[in-house]
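Reviewing the structure listed below.
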Amino acid sequence: MPIYRLSSHLEFPPPDAAEDGLLAVGGDLQPERLLLAYQEGIFPWYDEDNPILWWSPDPRFVLYPDAFHLPKRTRRHIRSAGYTISMDTAFPDVIQACAEIPRHGENGTWITPEMEAAYTTLFDMGYAHSIECRQDGELVGGLYGVSIGACFSGESMFSWRNNASKAALAALIDFARRHQFHFIDCQMHTEHLEHLGARDINRSQFLAELAIALRHETVHGPWKSEL
């Protein structure tokens, strides 16, 4: 099946038309297109050597708030480390750290300057959010993503100290439970998140659950940490 090439029109092909997860190529990262993409279960993922690539993988990797679990040893370490959590206070720093942190098996980063600018615009609009983990006032871990309706689409996370990103994720889960979010969209499978409770579901189930989650009012930013 040929890959759909986007035009200037604000539209995507049906997300279940993706072959091996790749749905479309081209277009732009204007906020209207990004918000439409997330509402249709589509997200951009590419590097500087490629045009914008749009994805709708099958299966889809999700984390239901009630399925999240941290090992007791990890919880003890987080408590003893004296981490403090905040939300939406350092979005540019979090996304920059996610772009800079070395990742096993990867050369460079898919978080290009164009991506940083696009998601910072979504942050300014109240749709993108960052969770920050600090130790003695220094930013040592965090994550960011996009929230529409009763779901959060996680984009990336980083950790400069042991378990700092897990502390940020635990804070996100707490927020999600308090606001009755249906799920965290983790997009692609990772063993790291699988150990924390995330699992694969098929794309049709994901799209059905997304449609239900989108019926709920969006919790616009800035968010406040409740821990």
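Computed values, structure above
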item	result
Given (1) surrounded by 13 or more Cβ atoms within 10 Å (Cβ to Cβ); (2) under 19 Å from residue 149 (Cβ atoms), index of the condition residue 66 fails	(1)
In the stretch 175-212, the residues that are assigned to a helix (DSSP H, G or I) and either surrounded by fewer than 17 Cβ atoms within 10 Å (Cβ to Cβ) or touching a Lys or Arg at 6+ places or on another chain (Cβ under 8 Å) (or both)	177, 178, 191, 192, 194, 203, 204, 205, 206, 208, 211, 212
Residue list for the stretch 22-32, restricted to those being touching a Lys or Arg at 6+ places or on another chain (Cβ under 9 Å) and either assigned to a loop (DSSP other than H, G, I, E, B) or of a type in the set (Phe, Trp, Tyr) (or both)	27
Among residues of the stretch 44-72, those that are in contact with a helix residue (DSSP H, G or I) (Cβ under 6 Å, 6 or more places away or on another chain) and among the aromatic types (Phe, Trp, Tyr), counted	1
Residues of the stretch 19-38 classified as out of contact with any helix residue (DSSP H, G or I) (no Cβ under 8 Å at 6 or more places or on another chain) and either within 22 Å of residue 214 (Cβ to Cβ) or at pLDDT 95 or above (or both), total	11
Filtered residue count, the stretch 100-125, keeping only those that are touching a strand residue (DSSP E or B) at 6+ places or on another chain (Cβ under 9 Å) and at pLDDT 95 or above	7
In the stretch 1-51, residue farthest from the chain's Cα centre (by Cα) [restricted to those that are buried (at least 19 other Cβ atoms within 10 Å of the Cβ) and of a type in the set (A, V, I, L, M)]	6
Sole residue being modelled with pLDDT of 95 or more, in contact with an Asp or Glu (Cβ under 6 Å, 6 or more places away or on another chain), over 15 Å from residue 30 (Cα atoms) and assigned by TED's automatic domain parsing to the domain that holds residue 166, chosen from 137, 142	142
Tally, over the stretch 59-71, of residues that are in a loop (DSSP other than H, G, I, E, B) and within 17 Å of the chain's Cα centre (by Cα)	3
Cβ-Cβ under 8 Å pairs, at least 6 apart or on other chains, the stretch 185-209 side assigned by TED's automatic domain parsing to the domain that holds residue 71 and at pLDDT 95 or above, far side among the hydroxyl-bearing types (Ser, Thr, Tyr) and surrounded by 15 or more Cβ atoms within 10 Å (Cβ to Cβ)	185/153; 187/153; 197/64; 203/56
Selection from the stretch 1-38 of residues that are among the basic types (Lys, Arg) and within 20 Å of residue 155 (Cα to Cα)	33
Count of the stretch 110-137 residues which are in contact with a Phe, Trp or Tyr (Cβ under 7 Å, 6 or more places away or on another chain), among the hydroxyl-bearing types (Ser, Thr, Tyr) and either outside any helix (DSSP H, G or I) or without any contact (Cβ under 8 Å) to a residue 12 or more places away in the chain (or both)	1
Members of the stretch 138-169 that are aliphatic (A, V, I, L, M) and either under 30 Å from residue 215 (Cα atoms) or outside any strand (DSSP E or B) (or both)	143, 146, 148, 150, 157, 164, 167, 168, 169
First in the stretch 151-172 and free of Cβ contacts under 8 Å to residues at least 40 places away in the same chain, second anywhere and among the aromatic types (Phe, Trp, Tyr) and part of a strand (DSSP E or B), Cβ under 7 Å, 6 or more apart	165/158
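The values are calculated or read from the model by the stated rules, or taken from the named source; none is laboratory data. This one's a predicted model, so the numbers in the text were calculated from it and none came from an experiment. Counting neighbours? That spans all protein chains shown, and the Cβs are built from the backbone with ideal geometry, glycine included.
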